[in-house]
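The values are calculated or read from the model by the stated rules, or taken from the named source; none is laboratory data. Fair warning: this is a prediction, and the values are worked out from it, not measured in the lab. Counting neighbours? That spans all protein chains shown, and the Cβs are built from the backbone with ideal geometry, glycine included.
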């Protein structure tokens, strides 16, 4: 079966490749088991193994065996820094925005929507010029704006945050609610712990009218 290149960065072979490289290179101090990588990006351990092996051949990832477990981490090299920057700009919003929102109180859930979410989901189109974020909850608006500005600086593109209540999220009937909930909607990746695992309890609430949306 032919795998299509990701619209966010068509230079890469697949979104799975992009997601695995993004997890590893944007968290350079962490080591990841193949099981952790596979679980985090939604693929098989065998596929994670193949992508890590390819990245090792390119010199951007290194791995070591610890018992029967293979651990992968970012490797310093001439290609690592420029590739990390490309991945940050193209695929980094899930992690970066989540990190900046992590210390903002009263956030029940946060999602990426709009053109970035559409491209990430595989819909063709022009590269997104900004990042649209939907925050559900009752956070302080100033804290939310500060987090968005920090994310904007890191991603080198504007981050626009729309705030809505939990009641709107579950029962809204306006045109914006319909647009958001019927188009690609990407829950933000929870910030990772020092072991490379997402913090417990950081799953986003389900999309209204559907099952749980995983991160």
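Odds and ends about this structure:
- Residue satisfying all of: in the stretch 131-145; in contact with a strand residue (DSSP E or B) (Cβ under 9 Å, 6 or more places away or on another chain), more than 25 Å from residue 14 (Cβ to Cβ) and in contact (Cβ under 8 Å) with a residue 24 or more places away in the chain; surrounded by the most Cβ atoms within 10 Å (Cβ to Cβ) among these: 133
- Hey, residue 163 in contact with a helix residue (DSSP H, G or I) (Cβ under 7 Å, 6 or more places away or on another chain), over 19 Å from residue 89 (Cα atoms) and crowded, with 16+ Cβ neighbours inside 10 Å or not: yes
- Checking the stated criteria, residue 73 turns out not to satisfy the condition of being modelled with pLDDT of 95 or more and not assigned by TED's automatic domain parsing to the domain that holds residue 50.
- Among residues that are surrounded by fewer than 18 Cβ atoms within 10 Å (Cβ to Cβ), modelled with pLDDT of 95 or more and in contact with a strand residue (DSSP E or B) (Cβ under 7 Å, 6 or more places away or on another chain), residue 64 is included.
- Each residue in the stretch 37-50 was checked for being in contact with a strand residue (DSSP E or B) (Cβ under 9 Å, 6 or more places away or on another chain) and either crowded, with 17+ Cβ neighbours inside 10 Å or farther than 24 Å from residue 3 by Cβ (or both), and 3 of them qualify.
- Some residue of the stretch 16-28 being in contact with a strand residue (DSSP E or B) (Cβ under 9 Å, 6 or more places away or on another chain) and farther than 30 Å from residue 123 by Cβ: yes
- Members of the stretch 31-66 that are within 21 Å of residue 90 (Cα to Cα), within 18 Å of the chain's Cα centre (by Cα) and in contact (Cβ under 8 Å) with a residue 40 or more places away in the chain: 40, 42
- Test result for residue 91, touching a helix residue (DSSP H, G or I) at 6+ places or on another chain (Cβ under 7 Å) and farther than 17 Å from residue 6 by Cβ: no
- Matching residues, the stretch 69-119, being closer than 21 Å to residue 141 by Cβ and part of a loop (DSSP other than H, G, I, E, B): 102, 103, 104, 105, 106
- Exactly one residue out of 150, 154 is farther than 27 Å from residue 42 by Cα and touching a residue at least 40 places away in the same chain (Cβ under 8 Å), and it is 150.
- Some residue of the stretch 142-155 being in a strand (DSSP E or B) and modelled with pLDDT of 95 or more: no
- Within the stretch 106-128, the set of residues being over 15 Å from residue 87 (Cα atoms) and touching a strand residue (DSSP E or B) at 6+ places or on another chain (Cβ under 9 Å) comprises 106, 107, 108, 109, 110, 111, 112, 113, 114, 115, 117, 121.
- Taken together, the residues in the stretch 166-192 that are surrounded by fewer than 18 Cβ atoms within 10 Å (Cβ to Cβ) and not in a loop (DSSP other than H, G, I, E, B) amount to 12.
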